[in-house]
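Undergrad: Following this message is one structure expressed as structure tokens.
The values are calculated or read from the model by the stated rules, or taken from the named source; none is laboratory data. Keep in mind it's a predicted model, so treat the numbers as computed, not measured. All Cβ positions, even for glycine, are placed from backbone atoms using ideal geometry, and neighbour counts span all protein chains on display. In case anyone asks, the SASA skips ligands and DNA or RNA and just uses the protein heavy atoms, side chains included. Shrake-Rupley method; radii C 1.70, N 1.55, O 1.52, S 1.80 Å.
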Amino acid sequence: MSQQISSFFPSSTRMQTLQVDSVQRWMEDLRHMTEVECMCVLQAKPIGVDEDSHQGELIVTSGIGAGDHVARNNLQTLLRRALVVSTELGKMFQRLEKGRWQRVHSTAVRANCHVRSLVHEYSAARSTPPEMQKYEKSLLEKCMELTNITERCLHTDDEFFLKSMREAIHEILTDVSDSFSNMIDMALANEIRVLIKQIESSDCVQTIGSAISNLLSLTQDGPQLCSIIAKEGAVVALFKICRQDRFRDLYAHALRTVASICCVEEGINQLDKVDGILCLADILTDESSVEAARAEAAAVVAQITSPHHTSTQHLASFLESMHDIVTALIKLCESASCGEVFLLASAALANITFFDSMACEILLQLNAIHILLQACKDRQRVDTPYSKDQVVTILANLSVLESCASEVLQEQGIERLLLLLGEKPSSSNPSEVAACERVQQKAAVTLARLSRDPDVAQTAIQLKAVPRLIELCRSPTERNNSDSVLVACLAALRRLAAGCPDSIEEADHHQLIKPRLVDSFLLCSNMEESFV
């Protein structure tokens, strides 16, 4: 669920707009473009038109700046340069396989220029660590070797020679890619250390907030960067902020960044080492904490309890605070001022109910079914299929408890489940379609589990659950063409038929109930839309 949870977090701008005069920015960009283009012309003319090149292929970037925006500019420049160089190296691999030697060489020249420009600019702006200097020197030598050896291939038609050169170039190109990746990782780690030092050493809220913003922006560029950020101690630094009352205004911002970092195991391990779960519990249970901070604390809980994580060591310390956390989360669901807050709190609860049955018992004691079903009636809180997915996940997990059925009946929960069986996406967005499928599937699963209770089964039949389930089985479009929804609906239908056989017509019984489940599944999955 980690990937799902992370997609719920409010999106943050990947590259924040540089606060410089637009003319100055254009002048800086033009300088870099001209330098690289001149080097290409001098070393590789004539330059042929490359039909698969894109406009603006040469790097467009700001120079590494100074003053308040040095760290931000350095990070932006590194990421942009890295993207361009990686793109050029990828093109070289493709063109090498096709034996397009002119383009292999011109791409090698461009990559060489970009790498040299990056190394020169970065060295001018920062004191380069000794271990990084070794990679820089080796990388520059390999780039020059790559340029020279590809040039030799332009002046011969000897197939045997070109074949041997292709293997040599491929080996050098692989070395260049590996060296470049290692160098960029070191450079990014160096910049991240600068940001973490700002967080740890500054007393200025604005300075710390800016550093946290830059870290958060970096986390949006993928798990590899999150791993680097975690290894450099960002989680430790951020929890130090969250333990100081004078920085209460930064809690939400810091916790949002922690949640993003904890999409990787290194982040969770760092959180566990600094007793981060205790800090989360303190913020969630502190009535003086603003809703935004509690919502972001819920986001961290949702992230670290995701079933997708392979490591579960951190969950041992979580169990110690589980009662307090679950109590705070269900209260947050009840008082949430908007859909985003409800989503984060309910997602955390949904994850928690997967790994410990005690959490389900606690939720029943806290009147969770009433709170969640009432929330479903409030469009201000439950306004998307993603929120409904979390609610029905919790209900499905609670439904394994025998005492759950009576509470669902009391809160008219069967009516809500039937409404959820009709969940439809409002657009063709793949994530929304998938969320609707999960809602339908889990609603059917919950109905099947609850229908062990005769009163629930009778109520479901009176509310015409059987015709709806048959419709979902027979009509692929009604179930969004989902096989998992089909299996869940067949199971729910068979459960109801077992308790009330007269509720199923004979034709439906012969096709959907009497055969083996797999045979009914195959029949329905190959069926044209029909209600016969």
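Undergrad: Round to a whole number: what % of the accessible area of the stretch 201-258 belongs to carbon and sulfur, probe 1.4 Å?
TA: 46 percent
Undergrad: Spelling out what I want: for every residue of the stretch 208-219, take phi, set θ = phi - 60°, compute 6.51 cos²θ - 1.76 cosθ + 1.60 (Karplus), and round to whole Hz; glycine and proline get x.
TA: Per-residue couplings from phi come out as 5, x, 5, 5, 5, 4, 5, 5, 4, 4, 5, 5 Hz.
Undergrad: Size of the dipole of the stretch 68-187 about the Cα centre, Lys and Arg at +1 and Asp and Glu at -1 on the beta carbon, nothing else charged, in debye to 20? Numbers along the way, then the final one.
TA: Numbers: 17 positive and 17 negative charges, 86 e Å.
Magnitude of the dipole: close to 420 debye.
Undergrad: Would you kindly find the accessible area of Asp378, with a 1.4 Å probe and non-protein molecules such as ligands, DNA and RNA excluded, rounding to the nearest 10 Å²?
TA: So the heavy atoms of Asp378 present about 50 Å² to solvent.
Undergrad: Still on this model: Using a 1.4 Å probe on the protein chains only, how many percent of the accessible area of the stretch 68-187 belongs to carbon and sulfur?
TA: On the way: 2820 of 5470 Å².
Carbon and sulfur atoms account for 52 percent of the accessible area of the stretch 68-187.
Undergrad: Continuing with this model, one more query. Normalised radius of gyration for the stretch 205-366, please: alpha carbon Rg relative to 2.2 N^0.38 Å, two decimal places.
TA: On the way: Rg = 14.7 Å, N = 162, 2.2 N^0.38 = 15.2 Å.
The stretch 205-366 yields a ratio of 0.97.
Undergrad: Please report the projected area of the stretch 68-187's Cα convex hull averaged over all directions, in nm². Each step should come with its number before you reach the end.
TA: On the way: hull surface 27.9 nm².
Hull-based average projected area comes out at 7.0 nm².
Undergrad: Keeping all protein chains in position, work out how much accessible area Ser482 exposes to a 1.4 Å probe, and write it in Å² to the nearest 10.
TA: 10 Å²
Undergrad: Report, please, the projected area of the stretch 148-202 averaged over directions, based on the convex hull of its C-alpha atoms, in nm².
TA: Working: hull surface 18.2 nm².
It is 4.5 nm².
Undergrad: Could you report the stretch 68-187's accessible area per residue, 1.4 Å probe, as an integer in Å²? Intermediate values should be presented prior to the final figure.
TA: Details: 5470 Å² over 120 residues.
For the stretch 68-187, the per-residue accessible area is 46 Å².
Undergrad: While we're looking at this one, here's another question. What value in Å³ per residue do you get for the convex hull of the alpha-carbon atoms in the stretch 420-518? Show your work: numbers first, answer last.
TA: Working: hull volume 8.3 nm³, N = 99.
So the per-residue Cα hull volume is 84 Å³.
Undergrad: Per residue of the stretch 339-356, in order, report the coupling 6.51 cos²θ - 1.76 cosθ + 1.60 (Karplus, θ = phi - 60°) as ³J(HN,Hα) in whole Hz, putting x for Gly and Pro.
TA: With coefficients 6.51, -1.76 and 1.60, one gets x, 5, 5, 4, 4, 5, 5, 6, 5, 4, 5, 4, 5, 5, 5, 6, 9, 8 Hz.
Undergrad: Still on this structure, please answer the following. Got a sec to turn the phi values of the stretch 443-457 into Karplus ³J(HN,Hα) couplings, 6.51 cos²θ - 1.76 cosθ + 1.60 with θ = phi - 60°, whole Hz, x for Gly and Pro?
TA: 5, 5, 4, 4, 4, 4, 5, 5, 6, 5, 7, x, 5, 5, 4
Undergrad: Near the amide H of Asn367, under 5 Å away, which other amide H atoms are found, from residues 5 or more places off or on another chain, if H is placed in the peptide plane?
TA: none
Undergrad: Please calculate the 1.4 Å probe accessible area of Glu334, with all protein chains present, and give it to the nearest 10 Å².
TA: The value for Glu334 is about 110 Å².
Undergrad: Continuing with this model, one more query. Set Lys and Arg Cβ to +1 and Asp and Glu Cβ to -1, take the dipole of the stretch 205-366 about its Cα centre, and tell me which of Ser306, Ala345, Ile228 lies farthest positive.
TA: In the stretch 205-366, that residue is Ile228.
Undergrad: Sticking with this one: Could you give the distance between the Cα centres of the stretch 173-218 and the stretch 246-309, to the whole Å?
TA: Each part reduced to its Cα centre gives a spacing of 21 Å.
Undergrad: Note down the magnitude of the dipole of the stretch 212-298 about its Cα centre, charges +1 on Lys and Arg C-beta and -1 on Asp and Glu C-beta and zero elsewhere, to the nearest 20 debye. Could the numbers behind the result be given before it?
TA: Values: 8 positive and 13 negative charges, 40 e Å.
Here the size comes out at about 200 debye.
Undergrad: If the reach is capped at under 26 angstrom between alpha carbons, list the lysines near Lys231, excluding any in the same chain fewer than eight residues apart.
TA: Cα-Cα hits under 26 Å: Lys134, Lys137, Lys197, Lys240, Lys273.
Undergrad: A further question on this structure: Sort Val466, Val433 from largest to smallest accessible area, using a 1.4 Å probe on the heavy atoms of the protein chains.
TA: On the way: Val466 10, Val433 35 Å².
Result of the area sort, largest leading: Val433, Val466.
Undergrad: Next up: Mind checking which lysines have their Cα closer than 29 Å to the Cα of Lys464? Skip sequence neighbours fewer than 8 apart in that chain.
TA: Lys377, Lys388, Lys424, Lys442, Lys514
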